[in-house]
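Trainee: Structure provided below as structure tokens; questions to follow.
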Amino acid sequence: MPVHTYTNWNKRSSDLEEQIEPLRKYYFICEGANTETFYFKKLIDLRKNLGIHPLIDIRLWEKTDKDRNISFAKNLVEFANKQKALAENDFDVERDRMIIVFDGDIFEEKVEGYDKLIEDIEKSDIAAVSNPNFELFLLLHKEGSYEDYIKGREEYFLNMVDGKYSYAKDVLLNITGMNSKKNPQIGDLAEDIMIAIKQEKYINQDIHNIKGRISSNIGLIIEGIIKDNPYIRRVIR
């Protein structure tokens with residue numbers, strides 16, 4: 001099975017309760033197989049706490065088997081399109097939205113084609129980008145982290161050391177004591193998503209212009225889902 005769908009939609013205390021189907025579903029599919037999975041599973045579990053409309057569901061498509069290590073953003077988009085076309089995955093192209101989550105770090109160096117990639121995604125889906133990496137977005141969940149660790153230090157986040165953009169991960173490790181790639185409890189940061197939404201506004205959220213800029217629009221997208229009403233045709237882009 002190419003993907004496993006994680007959702008807590010309509011958990012019922014009894015089989016006698018009426019089954020209700022969502023009017024709109026947001027599917028997340030992620031470049032990373034660990035950190036992002038830890039996070040979005042927790043976020044999904046918090047759906048009701050966040051006040052998301054009762055008829056909106058958020059789901060995570062987890063890559064499985066040989067597809068688990070698909071990471072290059074272009075390949076991830078192609079994989080997501082194939083999954084949307086499979087009837088068993090229950091994707092409604094008219095109402096549902098696919099959110100493709102990937103890091104911008106690969107485009108900071110010599111890789112070209114970022115603008116075309118975003119253009120292709122936005123024809124039908126939503127691009128969720130953090131630059132240089134997802135750990136920057138996670139760092140924003142800690143109250144005061146922008147002032148304490150990011151403001152005036154932006155250049156460190158985009159400084160490659162030994163072929164990696166590891167500064168955000170290192171700062172996150174120092175603050176939380178958790179390795180974001182290995183510790184599932186890093187997902188508990190989702191409990192403070194409202195802090196991240198607030199602090200993300202202090203950095204660049206325009207994913208069309210990320211070169212040389214620490215950036216993230218993930219909080220912006222989640223904020224849009226929280227505010228969305230399935231009875232209104234307008235949905236986040």
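Trainee: Can you find even one residue in the range 213-223 that is at pLDDT 95 or above, part of a helix (DSSP H, G or I), among the small types (G, A, S) and within 30 Å of E94 (Cα to Cα)?
Mentor: Yes, the conditions are met somewhere in the range 213-223.
Trainee: Still on this structure: Anything in the range 161-184 that is small (G, A, S), loosely packed, with under 13 Cβ neighbours inside 10 Å and modelled with pLDDT of 95 or more? List them, or say none. Working first, answer last.
Mentor: In the first step, residues of the range 161-184 are kept if they are small (G, A, S); the result is 163, 166, 168, 177, 180.
Now drop any that are not loosely packed, with under 13 Cβ neighbours inside 10 Å, which leaves 163, 177.
Passing the criteria: only G177.
Trainee: Does F107 fit the bill of being touching a helix residue (DSSP H, G or I) at 6+ places or on another chain (Cβ under 7 Å) and either farther than 23 Å from F38 by Cα or among the charged types (D, E, K, R) (or both)?
Mentor: When the stated conditions are applied, F107 passes them.
Trainee: Listed residues G113, G152, G187; which is among the small types (G, A, S), surrounded by fewer than 18 Cβ atoms within 10 Å (Cβ to Cβ) and farther than 16 Å from L76 by Cβ?
Mentor: Checking each option against the conditions leaves just G152.
The values are calculated or read from the model by the stated rules, or taken from the named source; none is laboratory data. As the structure is a computational prediction, the values presented were derived from the model and not from experiment. For neighbour counting, all protein chains shown are included, and Cβ atoms are generated from backbone atoms with ideal geometry for every residue, glycine included.
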